[in-house]
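Each value in this text was obtained by applying a stated rule to the coordinates, not by laboratory testing. Being a predicted model, the structure only gives us computed values, none of them experimental. In this analysis, Cβ positions are derived from the backbone assuming ideal geometry, glycine residues included, and neighbour counts consider all displayed protein chains.
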């Protein structure tokens, strides 16, 4: 299982390493004022690796590894924060369209959303994913042959696993930005994180409802470098940006 940082080419072995990484990337990133109380810094690498830190006075900070998504934005509705970083929303099949499924996403601009009141009725989301557990299949035939249980999942299934609790009786449960899905690889390349010098895989994947998203995968988790037509499936951490303008913009 790869960590979120490993998925975009960072190798962090300790809490001190992580703190030093935050300090370095914050120093080199682009700073943006959200309000008199909040700000964010975005470091984006030519490889597509991205690291976002958000800070609010007297309430600490947030650090989010993610991907600068290159795919078409997806339509979402009923977007509302459920924690500091995470928002629940409806994934739609187009602007004003039908519901595909609810999803939870860790937002690059969650602090901006908080300043706007914590919710928006609709929006466009740049959606990406970092692989936590992943498997590769040469094609759909190989993918379906790999399923040995009674339940058979399509080559474009999407289960927003972080939107429902494993234990319904857990009183303090909150949604998390995880999903289990499969999809067809449309394009793929190995990228080098220029800060760390380490390789990672960046694939564009088509999944439920023809939604496409960029997926980052740690090099050590690959059995081979994916090629178009392969099927990828596994568990993923969902990140994204709504492209929100801050109240003081």
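Of the residues 6, 90, which is on the phi < 0 side of the Ramachandran plot and either in a strand (DSSP E or B) or surrounded by fewer than 19 Cβ atoms within 10 Å (Cβ to Cβ) (or both)?
None of the others qualify; the one that does is 90.
Considering only segment 64-80, state which residues are buried (at least 18 other Cβ atoms within 10 Å of the Cβ) and assigned to a strand (DSSP E or B).
Correct list: 64, 65, 66, 67, 74, 75, 76, 79.
Checking residue 96 against (1) in a loop (DSSP other than H, G, I, E, B); (2) under 18 Å from the mean Cα position of the chain (by Cα), which test does it fail?
Unmet condition: (2).
Out of (1) surrounded by fewer than 21 Cβ atoms within 10 Å (Cβ to Cβ); (2) within 22 Å of residue 120 (Cβ to Cβ); (3) under 18 Å from the mean Cα position of the chain (by Cα), what's the single condition that is false for residue 54?
With (1) surrounded by fewer than 21 Cβ atoms within 10 Å (Cβ to Cβ); (2) within 22 Å of residue 120 (Cβ to Cβ); (3) under 18 Å from the mean Cα position of the chain (by Cα) applied to residue 54, the lone miss is (1).
Residue 41 - would you say it is part of a strand (DSSP E or B) and either more than 30 Å from residue 198 (Cβ to Cβ) or in contact with a helix residue (DSSP H, G or I) (Cβ under 6 Å, 6 or more places away or on another chain) (or both)?
yes
Restricting to segment 9-29, name every residue that is farther than 16 Å from residue 61 by Cα and either surrounded by 20 or more Cβ atoms within 10 Å (Cβ to Cβ) or in contact with a strand residue (DSSP E or B) (Cβ under 9 Å, 6 or more places away or on another chain) (or both).
9, 10, 28
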